[in-house]
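As structure tokens, the structure follows; a few thoughts come after it.
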């Protein structure tokens with residue numbers, strides 16, 4: 001089978017290769033998926049680059065956690081009626097700090113546990129399905145980790161990003177009023193189309209003042225955070241008493257120092273979201289919610305670009321540059 005792989009970490013164009021590897025048959029509890037699209041997340045790019053000193057856990061790594069395709073075979077213990085089913089895949093490689101699996105979705109075929117292959121709605125393309133595993137499920141966990149959101153006001157920092165775009169939609173679907181932050185007009189239009197009722201330009205407006213104005217001085221019930229270290233002072237200033245902050249990244253500083261009493265004075269709930277270790281019950285709820293919204297035609301999945309497997313280096317570089325929408329590789 002054709003695969004993309006690397007045997008050392010480093011810049012995409014220096015370490016990524018495309019070649020042939022033997023396909024593995026599905027073992028007990030697994031399905032064999034013919035991959036049609038492979039989604040690229042920042043985590044995939046960081047692994048390949050050796051972010052924060054990450055080492056090679058395997059001699060050869062086929063990258064990418066997310067993907068979509070159809071099941072072509074099943075292992076012992078899996079109902080053969082699943083053969084032919086269109087599916088999206090999650091956590092194909094494992095989380096940070098674990099050796100995980102060597103073989104991700106940047107390959108024509110992948111054998112993976114049956115539970116990690118989720119039925120893909122017929123109305124969604126394989127490219128769209130390849131964007132659900134990390135971005136959409138991280139967003140669902142960030143929005144719903146502290147229960148229903150109906151009637152609440154939620155601020156999504158980075159509302160035009162891959163996770164933020166899903167977070168806006170999921171919060172609106174749950175009956176929340178959603179405010180969002182963006183940094184330019186194109187990003188604002190992107191987030192508005194997802195359902196945000198008000199967008200704040202972080203570069204041109206005083207975020208705290210604007211949010212307090214929009215909430216009649218009360219602040220927000222919950223906040224979804226893309227860079228905890230950079231934004232924590234503003235976040236706590238905008239938060240209601242006993243409000244919640246769900247942060248899924250802190251890229252500007254991996255070891256932020258907290259102003260403890262600023263948070264404690266509001267009884268703030270801090271929740272750190274890791275898309276690789278979502279609890280089973282929460283994951284099932286997320287999968288069901290995404291399926292329902294897709295069936296109702298209410299799930300918008302933004303794809304900025306799709307690259308062929310042969311040009312996977314350009315796809316990784318595109319993720320590193322940033323974009324409005326997800327980046328996928330097609331097979």
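The values are calculated or read from the model by the stated rules, or taken from the named source; none is laboratory data. All values reported here derive from a predicted model rather than from experimental measurement. Every residue, glycine as well, gets a Cβ built from its backbone with ideal geometry; the counts of neighbours run over all protein chains shown.
Summary of values
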quantity	calculated
Residue count for the range 113-152, restricted to those that are within 30 Å of residue 208 (Cα to Cα) and either within 11 Å of the chain's Cα centre (by Cα) or surrounded by fewer than 23 Cβ atoms within 10 Å (Cβ to Cβ) (or both)	18
All strands (runs of 3 or more DSSP E) inside the range 210-315 with 3 or more residues being more than 20 Å from residue 130 (Cα to Cα) and assigned by TED's automatic domain parsing to the domain that holds residue 115	none
Selected residue (only one of 172, 168 is over 21 Å from residue 89 (Cα atoms), in the same structural domain as residue 194 (by TED's automatic domain parsing), out of contact with any helix residue (DSSP H, G or I) (no Cβ under 7 Å at 6 or more places or on another chain) and not in a loop (DSSP other than H, G, I, E, B))	172
Selection count where residues are under 23 Å from the mean Cα position of the chain (by Cα) and surrounded by 21 or more Cβ atoms within 10 Å (Cβ to Cβ), scope the range 226-244	6
Filter result for the condition that a residue is outside the structural domain of residue 220 (by TED's automatic domain parsing), in a strand (DSSP E or B) and at negative phi, over 154, 112	112
Residue, farthest from residue 129 (Cα to Cα), within the range 26-42, restricted to residues that are buried (at least 16 other Cβ atoms within 10 Å of the Cβ) and in contact with a helix residue (DSSP H, G or I) (Cβ under 7 Å, 6 or more places away or on another chain)	30
All positions within the range 180-203 that are in a strand (DSSP E or B), out of contact with any helix residue (DSSP H, G or I) (no Cβ under 6 Å at 6 or more places or on another chain) and crowded, with 24+ Cβ neighbours inside 10 Å	181
Any hit, the range 59-68, residues being over 23 Å from residue 131 (Cα atoms) and part of a loop (DSSP other than H, G, I, E, B)	yes
Matching entry among 267, 217, 286 (being on the phi > 0 side of the Ramachandran plot and touching a residue at least 12 places away in the same chain (Cβ under 8 Å))	267
Candidates 84, 95, 77, filtered to the one that is assigned to a loop (DSSP other than H, G, I, E, B), free of Cβ contacts under 8 Å to residues at least 40 places away in the same chain and surrounded by fewer than 20 Cβ atoms within 10 Å (Cβ to Cβ)	84
